[in-house]
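Comments concern the structure below.
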Amino acid sequence: MTTQAGVAVRVMAARVVDAVMYRGRSLKAELAANLPRIEDPRDRALLEAICFAVLRSRARSEAALAAWMPRPLGRADNELRALLHVGFAQLVVMELPAHAALSATVEAVRALGRPHQDKLVNALLRRAQREGLPTAPADALWPAWLRQQVREDWPLQVDAIFAASQQEAPLWLRVNRQRHSRDAYRERLQQAGIVATPADGLADALVLDAPVAATALPGFSDGDVSVQDGAAQCVADLFRDLPQGARVLDMCAAPGGKTAHLLERDPTLQVLALDVDERRLQRVHETLQRVGVDAQLRAADAADTVGWWDGRPFDAVLLDAPCSATGIVRRQPDVLLHRRPEDLVALTTLQARLLEAAWHVLRPGGRLVYATCSLLRKENAAQIDAFRARHSDARVEPLGEHCGHADGAGRQRLPGEQDMDGFFYASMRKA
């Protein structure tokens, strides 16, 4: 990496962190907008790694700034504050070579138009290099209301949940069984110098010992393999006994991983994939096209069946519901910056509407699978309990221990268990 490129990466990282931490933007959206602007894939990987390290360590960085700054930085200095977070993360969390991290970050101060503050940044970074950052409790990143909710829901597992949510998530792969067996693809990885381990209980899953860019995976562009966490891959197993040609509805399909997995398992399925956002539906189209499967796609509010349903009932419905995403904090650490108590009220209301719509379009004898990447019982076990109280014809299908802890009518996997994300699953038959 040239000195100029190194400085540019730090400047971009500071601007992404500023947008996410202080202006309420989504990390995923900011990275999607900025990564294509970087030519070298190593620099792209560095930018992404820095931003994730900053968000995972921000409680420690904020403690350092509070203790070390002679006076607090004002709102006008948010970009500088973001750059300090970037510097601390490089030196203490990522343990990058100190000389390169220091010089590029200090030079980035000047590139941001703040040459009068380069000595301040240099002094603070050197102190972090000497002393490290202050410690912070594992739950320090969680807003108080959400922290309390998790403690109430999972009192025995709460410490493990907070600790796991701070860790970097492993890279999970889903092998396209229409193209290769899992073992055959694993051999291809080994020939490419990539070490992968089969996952127990998941027929299509491999876990990489060290992460690589998706585009560096053999056959990725040809659809031979996809990136998908093991917890999300479990969903397809809940539809294992569908007859060929069954009509399946995926109510909230974007970005399309679960739709693609179902069709990789059985290309004869007649799948209708809905999403309320037409732009996100385009991602579903690209995903399905890449892996070589086909579904009917439609932009629609799944809860408003009058607007899209043709009256023909479905054999199975997947409702991977919009949720708080508290089970995937290790993959989306900015979730903890953006969630508000009123969000939970709106989400649980929407989930209930979607469940009602799913039941309405499901044929008698058909199956409804409800899934979220949430840890909160209001969105999961309590949501299903309330649904069953409204529908006496809902018959719970027992799920195995491989889906996590028994919780009400479903199963809850907690983040980090079997190296997977946090996920809730429930399966019901319509009598």
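Residue exposure proxy: Leu217, Leu156, Leu120, Leu73, ordered by other Cβ atoms within 10 angstrom of their Cβ from fewest to most, comes out as Leu156, Leu73, Leu120, Leu217. The spacing between the stretch 230-266 and the stretch 368-411, judged by their C-alpha centroids, is 18 Å. Three semi-axes describe the equivalent ellipsoid of the stretch 172-227; taken as square roots of 5 times the Cα gyration tensor eigenvalues and ordered largest first, they are 14, 13, 10 Å. Candidates Ala302, Ala321, His391 compared by Cα position along the dipole of the stretch 230-430: farthest toward the positive end lies His391, with charges placed on Cβ. Compute the Cα gyration tensor for the stretch 141-216, then decide on rounded, prolate or oblate, letting a ≥ b ≥ c be the square roots of its eigenvalues: rounded whenever a/c is under 1.5, prolate when a/b is larger than b/c in the other cases, and oblate in all that remain. Note, shape of the stretch 141-216 comes out prolate. In this Cβ point-charge picture (+1 for Lys and Arg, -1 for Asp and Glu), the stretch 3-131 has a dipole of about 340 debye about its Cα centre.
Averaging Cα coordinates gives a centre for the stretch 268-330 and one for the stretch 100-170; these two points are 36 Å apart.
Taken one residue at a time, the phi angles of the stretch 28-34 give Karplus couplings (6.51, -1.76, 1.60, θ = phi - 60°) of 4, 5, 5, 5, 4, 7, 9 Hz. Gly and Pro are set to x. Pairs of Lys residues in the chain, spaced 8 or more positions apart or belonging to different chains, with C-alpha separations under 27 angstrom: 5 in total. The fewest-to-most ranking of Phe424, Phe314 by surrounding Cβ atoms within 10 Å reads Phe314, Phe424. In the stretch 172-227, taking the dipole from charged Cβ atoms about the Cα centre, the farthest positive-side position among Leu217, Ala199, His180 is held by His180. The label point for Asp277 and the one for Ala352, both projected 7 Å from the Cα toward the Cβ, are 2.5 nm apart. Whole-Hz Karplus values for the stretch 321-332 come out as 7, x, 7, 6, 6, 6, x, 10, 4, 5, 9, 10 Hz, taken residue by residue from phi with 6.51 cos²θ - 1.76 cosθ + 1.60 and θ = phi - 60°; glycine and proline positions read x.
Using DSSP, restrict attention to beta bridges with both residues in the chain and report what percent are antiparallel, rounded to the nearest 5. Taking every DSSP beta bridge with both residues in the chain, the antiparallel ones total about 60 percent.
Helix-only arithmetic for the chain: the sum of -39500 (n - 2.57) across DSSP H runs with n ≥ 4, divided by the residue total, places the mean residue ellipticity at 222 nm at -14000 deg cm²/dmol.
Looking at the stretch 214-309, the trypsin sites (Lys or Arg not before Pro) that sit in a DSSP loop and have at most 10 other Cβ atoms within 10 Å of their own Cβ are Arg240.
In terms of surrounding Cβ atoms within a 10 Å radius of their Cβ, Ile50, Ile161, Ile194 rank from fewest to most as Ile194, Ile161, Ile50.
When the Cα gyration tensor is reduced to axis lengths a ≥ b ≥ c, the ratio a/c is 1.5 or higher for the stretch 330-431, and with a/b not above b/c it is classed as oblate. A simple charge model with +1 on the Cβ of Lys and Arg, -1 on the Cβ of Asp and Glu and nothing else charged puts the dipole of the stretch 51-199 at about 320 debye relative to its Cα centre. The 3J(HN,Hα) values that the Karplus relation (6.51, -1.76, 1.60; θ = phi - 60°) gives for the stretch 258-272 are, in residue order, 6, 4, 4, 5, 4, 6, 5, 5, 8, x, 7, 4, 9, 9, 9 Hz. Gly and Pro appear as x. Taking a ≥ b ≥ c as the square roots of the eigenvalues of the Cα gyration tensor, the stretch 230-430 is rounded, since a/c falls below 1.5. The amide H of Gly201, built 1.01 Å from its N in the peptide plane, has no neighbour under 5 Å, considering only residues 5 or more places off or on other chains. Net charge dipole, the chain: roughly 900 debye, given to the nearest 20, about the Cα centre with Cβ charges of +1 for Lys and Arg and -1 for Asp and Glu.
Every number in this text was worked out from the coordinates using simple rules, so none of it is lab data. Predicted model, so just to flag it, every value in this text is computed and none were measured. Here Cβ is always computed from backbone atoms with ideal geometry, including for glycine, and neighbour counts include all displayed protein chains.
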